[in-house]
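Colleague: Just dropping this structure here.
The values are calculated or read from the model by the stated rules, or taken from the named source; none is laboratory data. Worth saying up front: this structure is predicted, and the values here are computed from it rather than measured. Reconstructed Cβ throughout: ideal geometry from the backbone, glycine too, with neighbour counts over all protein chains shown. Heavy atoms of the whole protein, side chains included, go into the accessibility calculation; ligands, DNA and RNA do not. Shrake-Rupley method; radii C 1.70, N 1.55, O 1.52, S 1.80 Å.
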Amino acid sequence: MDCNSYSPNKKKPLEKRSCTDCLCFIGFSVFIVCWIVLANYAYQNSDQQVLVNPSDSAGQVCGYNKNVTDKPFLFFFDITECTSLMIFVHGCQTPQVCVDRCPDADWSVKEVLDGKQSQIDWPAVQKSLICVSPDLNKLVNSVEKLKNFTSSNLCTKYYIKSTSLLNYCVPTLSDTESLKAFMKTNNIVLSNVIDGTTMVEWLKDSKENSKLIADDLINNYRYIIGGLLIAILFSLTYILLLRWFSWIMIWLSLLAIVGLLGFGSYESYTRYVSFDSDADSSTTGGEDEIPTDLLTGGRQSWTNYVNEKLNTKSTWLVFTVVSSIAFVVLLLIIVFLRKRIRLSIALIVEGSRAILEIKTSLVFPLFQWVLYLAVLMWFFGVAIYLSSMKLYVFKVKGLVNDLDCVCNNSYYKDGDWCTESKWERYCMNNKTKSMCKVAKCAFDHRMSQDFITGLQLFNVFGMFWLMNFVSAFSQMVLAITFASWYWTFQKKDVPFFSLTKSVYKTLRYHLGTVAYGSLIIAICNFVRAILEWAETKLKKYDNAFTRAVFTCMRCFFWLLNKFLRFVNRNAYIMCAMYGKNFCTSAKQAFDLLLRNVLRVVVVDKVTDFIFFVGKIIITGATITAFYFEFYEPLEPVKQFAFVDKPPVLNYKWLPMIVVAVGSWVISSTFFHVYSIAVDTLFLCFLEDSERNDGSSDRPYFMSQRLMNILGTRNVQSLSLH
């Protein structure tokens with residue numbers, strides 16, 4: 001029988017379900033086990049001392065290991081290699097050495113070779129030179145050796161006057177004029193040096209800044225909690241208003257946008273005709289006239305760029321054309337698609353009704369955010385331990401032959417991987433309470449950097465899969481909940497624990513489908529991340545062609561990601577109704593949407609617009625309320641005891657930013673539930689309208705409001721409310 005044909009037992013979602021996509025669930029379980037094994041491997045073979053102090057390219061902890069106890073600072077050969085966020089994955093891809101002090105002057109090989117002196121002072125060069133090993137400095141006694149050592153990155157080609165920042169040597173960039181001359185003489189791109197310095201400074205300043213931020217949050221947490229509670233209150237109020245006043249709100253919003261576009265077209269045209277050719281040409285200066293700033297690396301600032309564009313006649317011509325086209329298109333949509341806009345409004349009303357009748361659905365996203373937090377904490381923990389693994393592998397040797405050497409709690413056994421810091425901490429001679437005489441943590445072999453990078457990539461992919469798995473799980477649970485609500489003829493018969501039953505059904509039957517859909521999105525996200533990484537690696541080949549290729553690929557995968565998310569969500573909804581596997585559900589949902597493509601477009605865009613406006617209104621109202629609660633308390637607010645003392649802040653606007661971001665997240669969470677409710681009810685409505693005809697044998701399950709839009713009704717006199 002055709003899956004879309006009528007059958008008495010298909011009036012409502014399938015109650016007797018079976019497990020779907022079992023193979024994918026098994027694969028997901030195996031992946032989780034491998035991820036746990038990887039985490040244990042990283043923990044056992046990491047050196048926590050590396051997380052506290054910087055380490056050089058040889059894995060020696062500056063100021064800690066034996067050979068560098070008197071060298072607590074880390075020096076980068078080429079700071080421009082630290083300009084990418086990928087330093088969090090594989091570090092700065094430049095030689096790094098421990099030094100006893102940071103450079104206090106500018107120096108370069110080019111200045112030595114181009115010097116006016118007839119004979120080079122090699123002892124002075126050896127003293128100034130920074131190499132991966134101090135022994136190499138003594139070997140530099142000729143121009144040929146100097147060139148060979150610097151070209152092979154055994155010694156640095158240049159360095160800039162630096163200061164210590166948490167034991168990292170970072171260029172000071174204080175004397176701008178001499179710095180510009182030094183950069184120009186040595187053919188060094190100033191913006192790259194500034195970018196690299198900024199990245200390292202930001203990375204190292206995060207510890208101090210995080211302490212100040214934590215102090216502000218702790219001292220003012222009551223105000224912030226109050227602001228977030230206000231955001232929750234506004235979100236609930238807005239959802240309630242959408243149920244009763246959505247018709248007025250949506251039509252007024254659409255008419256307001258039409259009015260703004262019309263006014264924008266008129267104003268842009270007025271500005272356009274006010275320009276003449278002489279004014280247009282006079283406002284356009286050459287590149288040499290554009291003021292630049294050293295802090296931006298000599299690049300034009302955004303403010304100057306925007307002002308320059310707004311003073312050109314062509315800009316206002318573009319504004320006029322774009323706003324006029326948008327005005328005409330939106331006006332035609334309102335006129336010719338008003339019936340489908342009415343359908344969108346009716347679905348928003350039904351969604352609000354469903355949410356308010358199943359109130360636990362608004363609390364469920366909290367569980368989702370807890371899982372998100374757990375996944376991110378696991379990911380960052382594994383990433384940190386992987387980044388602290390040394391390339392040089394040390395193993396315990398001679399422990400079985402050293403009877404006096406004892407490790408606390410049998411921490412190490414002969415042949416185990418070890419670190420020098422852990423060996424000194426856990427193992428000692430039981431008699432002398434000093435270091436073991438025979439047993440030791442000795443070098444065994446060198447590990448490939450590519451191996452650690454591969455483990456990091458596995459960890460990144462795991463993060464993508466788990467994050468999308470949590471999102472898909474939430475969508476499946478809510479889809480089953482709202483589908484069950486729709487297909488209950490008498491809404492008063494909806495069970496109180498319908499959300500709990502949906503969680504059980506998802507865990508019992510559909511985790512394989514959730515894993516399947518989330519795997520598809522995770523692969524797409526992972527490929528996008530790889531593209532970003534590849535672009536940073538190919539930066540030295542930067543040209544118009546490579547930029548065009550990467551831009552096209554980013555655009556393609558962005559669109560693919562949007563399409564896959566759309567297909568996945570509707571597949572989960574169809575699976576919620578019929579309990580079929582992912583591929584079957586996706587095909588059924590896609591076919592159903594194609595048969596109603598115009599309705600889909602209008603409903604999707606109208607609901608997206610309303611939800612976006614709702615987020616703006618809730619966030620703006622929350623910020624306003626918080627301002628008059630925290631910064632300028634009103635008289636009624638001052639009556640509360642905790643408002644007596646003025647707030648003490650390191651960053652004045654930090655609480656406002658936290659509340660603004662929090663209110664946006666809270667409103668987005670509420671509207672996420674709302675969006676799933678509307679999408680689920682929409683697919684149920686399409687199924688209902690195609691399979692049923694309103695007869696006593698096949699009555700519609702939709703509300704009277706939706707039946708009025710279709711111009712139909714049920715023959716029987718049964719109420720749906």
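Colleague: Given (1) over 30 Å from Thr500 (Cβ atoms); (2) within 38 Å of the chain's Cα centre (by Cα); (3) touching a residue at least 12 places away in the same chain (Cβ under 8 Å), identify the lone condition not met by Trp378.
Modeller: (1)
Colleague: Select from region 584-624 the residues that are closer than 20 Å to Ile334 by Cβ and acidic (Asp, Glu) and write down the one among them that is most open to solvent (accessible area, probe 1.4 Å).
Modeller: Result: Asp608.
Colleague: For region 254-277, indicate whether the set of residues that are open to solvent by 50 Å² or more (accessible area, probe 1.4 Å), modelled with pLDDT under 80, in a helix (DSSP H, G or I) and not β-branched (Val, Ile, Thr) is non-empty.
Modeller: yes
Colleague: A follow-up question, please. With the checklist (1) modelled with pLDDT of 90 or more; (2) surrounded by fewer than 20 Cβ atoms within 10 Å (Cβ to Cβ) in hand, flag the one item Ser498 doesn't pass.
Modeller: Tallying (1) modelled with pLDDT of 90 or more; (2) surrounded by fewer than 20 Cβ atoms within 10 Å (Cβ to Cβ), Ser498 fails exactly one: (1).
Colleague: While we're on this one: Please work out if Gly415 is at pLDDT 85 or above and under 30 Å from Cys34 (Cα atoms).
Modeller: Details: at pLDDT 85 or above: no; under 30 Å from Cys34 (Cα atoms): yes.
Considered against the rule, which asks whether it is at pLDDT 85 or above and under 30 Å from Cys34 (Cα atoms), Gly415 comes out as no.
Colleague: Still on this model: Taking the residues in region 329-357 that are loosely packed, with under 14 Cβ neighbours inside 10 Å and more than 35 Å from the chain's Cα centre (by Cα) as candidates, determine which candidate is nearest to Gly262 (Cα to Cα).
Modeller: Leu332
Colleague: Do we find that Tyr504 is surrounded by 14 or more Cβ atoms within 10 Å (Cβ to Cβ) and not aliphatic (A, V, I, L, M) in this structure? So that I can check it myself, show each step before the final result.
Modeller: On the way: surrounded by 14 or more Cβ atoms within 10 Å (Cβ to Cβ): no; not aliphatic (A, V, I, L, M): yes.
Criteria not met by Tyr504.
Colleague: If you go through region 242-249 one residue at a time, do you hit one that is small (Gly, Ala, Ser), modelled with pLDDT under 85 and out of contact with any helix residue (DSSP H, G or I) (no Cβ under 8 Å at 6 or more places or on another chain)? Full working, then the answer.
Modeller: First, pick out the residues of region 242-249 that are small (Gly, Ala, Ser): 246.
Narrowing further to those that are modelled with pLDDT under 85: 246.
Checking which are out of contact with any helix residue (DSSP H, G or I) (no Cβ under 8 Å at 6 or more places or on another chain) leaves us with none.
So far as region 242-249 goes, no, none of its residues is small (Gly, Ala, Ser), modelled with pLDDT under 85 and out of contact with any helix residue (DSSP H, G or I) (no Cβ under 8 Å at 6 or more places or on another chain).
Colleague: For residues that are in contact with a Lys or Arg (Cβ under 9 Å, 6 or more places away or on another chain) and of a type in the set (Lys, Arg), scanning just region 663-708, find the one that is modelled with the highest pLDDT.
Modeller: Per the criteria, the residue is Arg691.
Colleague: Let me ask you something else. Going by the conditions given, is Leu507 touching a Ser or Thr at 6+ places or on another chain (Cβ under 6 Å) and more than 23 Å from Phe566 (Cβ to Cβ)?
Modeller: Working: touching a Ser or Thr at 6+ places or on another chain (Cβ under 6 Å): no; more than 23 Å from Phe566 (Cβ to Cβ): yes.
It is false that Leu507 is touching a Ser or Thr at 6+ places or on another chain (Cβ under 6 Å) and more than 23 Å from Phe566 (Cβ to Cβ).
Colleague: Looking at (1) over 21 Å from the mean Cα position of the chain (by Cα); (2) assigned to a helix (DSSP H, G or I); (3) not acidic (Asp, Glu), can you tell me which one Trp533 breaks?
Modeller: Result: Trp533 fails condition (1) only.
Colleague: I'd like to know if region 234-241 contains one or more residues that are more than 30 Å from Val602 (Cβ to Cβ), without any contact (Cβ under 8 Å) to a residue 12 or more places away in the chain and part of a helix (DSSP H, G or I).
Modeller: There is no residue in region 234-241 that is more than 30 Å from Val602 (Cβ to Cβ), without any contact (Cβ under 8 Å) to a residue 12 or more places away in the chain and part of a helix (DSSP H, G or I).
Colleague: Here is a check on your reading of the model: is Tyr541 farther than 17 Å from Arg565 by Cα and either open to solvent by less than 40 Å² (accessible area, probe 1.4 Å) or at pLDDT 90 or above (or both)?
Modeller: Details: farther than 17 Å from Arg565 by Cα: yes; either open to solvent by less than 40 Å² (accessible area, probe 1.4 Å) or at pLDDT 90 or above (or both): no.
For Tyr541, the condition - farther than 17 Å from Arg565 by Cα and either open to solvent by less than 40 Å² (accessible area, probe 1.4 Å) or at pLDDT 90 or above (or both) - is not met.
Colleague: Restricting attention to helices (runs of 4 or more DSSP H) lying wholly within region 83-140, give those where 1 or more residues are modelled with pLDDT under 85.
Modeller: Working: elements: 87-90, 109-113, 122-128, 134-139.
Qualifying helices (runs of 4 or more DSSP H): 87-90, 109-113, 134-139.
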